[in-house]
Amino acid sequence: MPKIAKDFLLVGVVAGTHGLRGDLKVRPLAGLCPLAAETPVFLRSADREPEAHTPVRVVSHKGGYLLRLQGLEHIDSVQRLVGAEVLMRRQDVPEPDPDEFYWDEVQGFAVRDRSLGELGTLDDTFTTAAHDIFVVNGPYGEVLIPVVEAFLVEVDTAAGLIVVDLPEGLVQKPDAF
């Protein structure tokens, strides 16, 4: 997919449909998901420009959201949107609290463990029912880090650095391969 313009924030992906009234199941990306009724969203499918839509219903549902769009209130009208990225204009998104962040603000940050040192670069993230997961790639291979207060020591946006304190055994040392 093409790169997202800086004035947009990627907040989720349409994972499927729900019911016959056109509800879309949205899987939020890690971090905050500011979806709200009446706040415009933009859906972008592969190699297409984002389409503007107005949500008429946003409901939390099984770790994600159900999103119903004005004028697309039947399952037949939304099937084509499955797999689309859900974007919002930054101007429509509230500022996060000081201890919170949006995914795109930390993507590409270096990740360092207090004991092991450099773990690599934050390449991806996903959400589980329990918490968000950072996907870090580096000298230890792919490391999946639960984004929980017990492990997250510091997010330094100015330095582009995330410091974690992981429990022993979560990361396999390179000689273990």
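Laboratory data are not the source of any read-out in this text; all were calculated from the coordinates shown. Every value quoted in this text rests on a predicted model; they were computed, and no experiment measured them. Because the Cβ atoms are built from the backbone with ideal geometry, glycine has one as well, and the counts that use them run over all protein chains shown.
Brief remarks follow.
- Residues that are among the polar types (S, T, N, Q) and farther than 22 Å from Trp103 by Cα within segment 134-177 comprise just one, Gln172.
- Evaluated against (1) surrounded by fewer than 20 Cβ atoms within 10 Å (Cβ to Cβ); (2) over 30 Å from Tyr140 (Cβ atoms), Val41 falls short on exactly one condition, (1).
- Set Arg27, Arg57: member being in contact (Cβ under 8 Å) with a residue 60 or more places away in the chain and surrounded by 13 or more Cβ atoms within 10 Å (Cβ to Cβ): Arg27
- Hits in segment 127-160 (condition: touching a Lys or Arg at 6+ places or on another chain (Cβ under 8 Å) and either touching a residue at least 60 places away in the same chain (Cβ under 8 Å) or assigned to a strand (DSSP E or B) (or both)): Thr127, Ala129, Val153
- Here is the figure for segment 65-88: residues that are among the hydroxyl-bearing types (Ser, Thr, Tyr) and in contact with a strand residue (DSSP E or B) (Cβ under 6 Å, 6 or more places away or on another chain) total 1.
- Residue match in segment 78-87 (condition: more than 25 Å from His131 (Cα to Cα), under 17 Å from the mean Cα position of the chain (by Cα) and free of Cβ contacts under 8 Å to residues at least 60 places away in the same chain): no
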